[in-house]
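All remarks here apply to the structure that follows.
The values are calculated or read from the model by the stated rules, or taken from the named source; none is laboratory data. Just so it is clear, the model here is predicted, and its values are computed rather than measured. Every residue, glycine among them, receives a Cβ derived from its backbone with ideal geometry; neighbour counts consider all protein chains shown.
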């Protein structure tokens with residue numbers, strides 16, 4: 001019987017205070033570099049138990065997953081190919097717009113096992129769009145791994161197979177996640193001051 005994936009931590013405690021070098025817009029730090037490293041190591045173990053060193057195509061969702069994607073694939077033991085898919089619904093701030101494919105997958109997926117890697121599962125629109133884009137390519141299976149999950153605003157019946165952390169209803173930035181294309185390079189996951197947000201994010 002297959003071992004189930006490890007249970008993702010629920011991060012509902014107080015935030016750590018911002019660091020002296022943190023952006024002024026940051027309210028606090030939700031996940032430190034050390035916590036990211038340790039949890040990604042565990043996610044990789046879960047993934048390795050599933051694929052058992054069989055070939056897999058790992059598809060990163062641009063652009064928020066890039067840092068997570070890079071750290072994760074270095075710990076996957078399976079022979080793998082990588083590709084990226086771009087699905088965008090934001091132009092400025094947090095205002096959601098019509099979903100558009102900005103970069104299609106070019107790898108042959110027919111009969112292949114596919115692991116989609118994304119930064120955050122929130123409303124579910126983005127991950128649903130990615131899976132709908134990949135299904136016609138006739139992969140033998142499609143599994144999904146997300147760094148963060150926030151389920152209180154879910155509008156699509158989509159679930160991730162591997163989840164890093166479950167988080168409260170915060171607007172998070174850093175470690176690839178952005179606000180208006182800023183803050184992606186922060187090495188930790190921080191929480192942005194809500195007074196700067198103009199609308200609700202729905203991904």
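Scanning region 23-38 turns up no residue that is under 19 Å from residue 127 (Cα atoms), part of a loop (DSSP other than H, G, I, E, B) and touching a residue at least 60 places away in the same chain (Cβ under 8 Å). Within region 120-128, identify whether any single residue is crowded, with 18+ Cβ neighbours inside 10 Å, under 12 Å from the mean Cα position of the chain (by Cα), on the phi > 0 side of the Ramachandran plot and in contact (Cβ under 8 Å) with a residue 12 or more places away in the chain, and answer yes or no. Within region 120-128 (the criterion being crowded, with 18+ Cβ neighbours inside 10 Å, under 12 Å from the mean Cα position of the chain (by Cα), on the phi > 0 side of the Ramachandran plot and in contact (Cβ under 8 Å) with a residue 12 or more places away in the chain), the answer is yes, since at least one residue qualifies. Scanning region 169-203 for residues that are at pLDDT below 95 and under 30 Å from residue 48 (Cβ atoms) yields 178, 203. Flag not set for residue 104, criterion: loosely packed, with under 15 Cβ neighbours inside 10 Å, in contact with a strand residue (DSSP E or B) (Cβ under 9 Å, 6 or more places away or on another chain) and at pLDDT 95 or above.
Can you tell me which residue within region 11-22, out of those that are farther than 18 Å from residue 182 by Cα and in contact (Cβ under 8 Å) with a residue 24 or more places away in the chain, is surrounded by the most Cβ atoms within 10 Å (Cβ to Cβ)? Checked region 11-22; the qualifying residue surrounded by the most Cβ atoms within 10 Å (Cβ to Cβ) is 11. Considering region 68-186, the qualifying strands (runs of 3 or more DSSP E), each wholly inside and each with 1 or more residues that are farther than 21 Å from residue 39 by Cβ, run over 80-90, 96-103, 113-121, 141-149. When the criteria are applied in full, residue 94 meets the requirement of being modelled with pLDDT under 95, buried (at least 17 other Cβ atoms within 10 Å of the Cβ), over 13 Å from the mean Cα position of the chain (by Cα) and farther than 20 Å from residue 5 by Cα.
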